[in-house]
1. So, in the stretch 43-55, exactly how many residues are in contact with a strand residue (DSSP E or B) (Cβ under 6 Å, 6 or more places away or on another chain) and modelled with pLDDT under 90?
2. Identify, by number, the condition in (1) touching a helix residue (DSSP H, G or I) at 6+ places or on another chain (Cβ under 8 Å); (2) under 30 Å from residue 96 (Cα atoms); (3) not assigned by TED's automatic domain parsing to the domain that holds residue 151 that residue 253 doesn't meet.
3. Would the stretch 128-144 turn up any residue that is under 14 Å from the mean Cα position of the chain (by Cα), touching a residue at least 24 places away in the same chain (Cβ under 8 Å) and at negative phi?
4. Given the stretch 15-122, what strands (runs of 3 or more DSSP E) lie entirely inside it while holding 1 or more residues that are crowded, with 18+ Cβ neighbours inside 10 Å and not assigned by TED's automatic domain parsing to the domain that holds residue 221?
5. Quick one: residue 156 ticks every box in (1) in a helix (DSSP H, G or I); (2) surrounded by fewer than 17 Cβ atoms within 10 Å (Cβ to Cβ); (3) modelled with pLDDT of 95 or more; (4) out of contact with any helix residue (DSSP H, G or I) (no Cβ under 6 Å at 6 or more places or on another chain) bar one, so which box is it?
6. Collect the residues in the stretch 189-212 that are exposed (fewer than 15 other Cβ atoms within 10 Å of the Cβ) and in contact with a helix residue (DSSP H, G or I) (Cβ under 8 Å, 6 or more places away or on another chain), keeping them in residue-number order.
7. Go through (1) buried (at least 24 other Cβ atoms within 10 Å of the Cβ); (2) out of contact with any helix residue (DSSP H, G or I) (no Cβ under 6 Å at 6 or more places or on another chain); (3) not in a helix (DSSP H, G or I) and name the single condition residue 165 misses.
8. Across the stretch 244-262, which residue is surrounded by the fewest Cβ atoms within 10 Å (Cβ to Cβ) among those that are at pLDDT 95 or above and farther than 19 Å from residue 119 by Cβ?
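The values are calculated or read from the model by the stated rules, or taken from the named source; none is laboratory data. Note that the structure is predicted; figures quoted are calculated from it, not measured. Counting neighbours? That spans all protein chains shown, and the Cβs are built from the backbone with ideal geometry, glycine included.
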């Protein structure tokens with residue numbers, strides 16, 4: 001655990017990890033709001049961050065709904081981001097902007113870019129499409145690979161390194177505004193159903209601890225601070241809310257489909 005008085009806050013390798021200004025502001029906001037020293041901890045993969053969180057080596061982490069559901073007995077929701085008025089988002093299956101395709105089945109034989117094996121939008125959703133067709137990714141795609149970042153999935157498809165890719169719809173929408181020259185070289189072929197937005201979680205055994213409550217309060221009151229509003233604006237989020245665990249039931253359903261049919 002972090003020493004008394006300090007907070008270790010983990011981040012998965014989503015697009016914001018490439019934006020040092022956002023990271024610096026987020027760290028500064030959390031430190032001011034919790035009145036504690038805050039260390040942001042980043043790792044290359046979702047699995048590494050989740051392992052640190054479950055083992056108690058992080059006080060909280062901004063993870064994906066998929067690992068949250070994998071370890072739901074060991075993790076507790078702290079807060080969930082609100083994007084466009086809701087704590088929900090979609091997975092997008094993207095292709096090159098000049099490609100003629102109309103359905104997921106048109107991607108058979110593609111070179112496909114996934115984000116991370118523990119990502120809901122960047123892997124599990126597409127695995128569910130495949131399981132529903134009772135076909136493996138090895139049989140459906142000519143080749144697939146992991147980019148370990150949603151931004152990298154977009155880059156792979158935009159450059160032609162991949163024919164198609166599985167990406168977080170929130171990331172694609174934000175990057176369409178911040179990096180239009182890149183994103184306009186791709187287009188959305190399939191949008192998933194709505195899923196719980198990647199939440200901030202903490203080890204379940206810390207529920208009620210001062211560190212847990214300090215982080216939760218900092219996130220839930222973010223709109224009340226000028227620095228907090230600046231961070232939210234850069235992330236294009238409305239704020240954070242206390243979404244119930246049932247918000248992630250659709251991810252649990254996908255996990256069940258892959259387990260039964262995959």
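1. Total satisfying the criteria: 0.
2. Looking at each condition in turn, residue 253 falls short on (1).
3. We begin by selecting, within the stretch 128-144, every residue under 14 Å from the mean Cα position of the chain (by Cα); these are none.
For the stretch 128-144, residues under 14 Å from the mean Cα position of the chain (by Cα), touching a residue at least 24 places away in the same chain (Cβ under 8 Å) and at negative phi: absent.
4. Values: elements: 37-42, 60-62, 75-82, 91-96, 111-114.
Output list reads 91-96, 111-114.
5. Unmet for residue 156, out of (1) in a helix (DSSP H, G or I); (2) surrounded by fewer than 17 Cβ atoms within 10 Å (Cβ to Cβ); (3) modelled with pLDDT of 95 or more; (4) out of contact with any helix residue (DSSP H, G or I) (no Cβ under 6 Å at 6 or more places or on another chain): (2).
6. Answer for the stretch 189-212, where residues must be exposed (fewer than 15 other Cβ atoms within 10 Å of the Cβ) and in contact with a helix residue (DSSP H, G or I) (Cβ under 8 Å, 6 or more places away or on another chain): 191, 193.
7. (2)
8. So, considering only residues that are at pLDDT 95 or above and farther than 19 Å from residue 119 by Cβ, the one surrounded by the fewest Cβ atoms within 10 Å (Cβ to Cβ) is 246.
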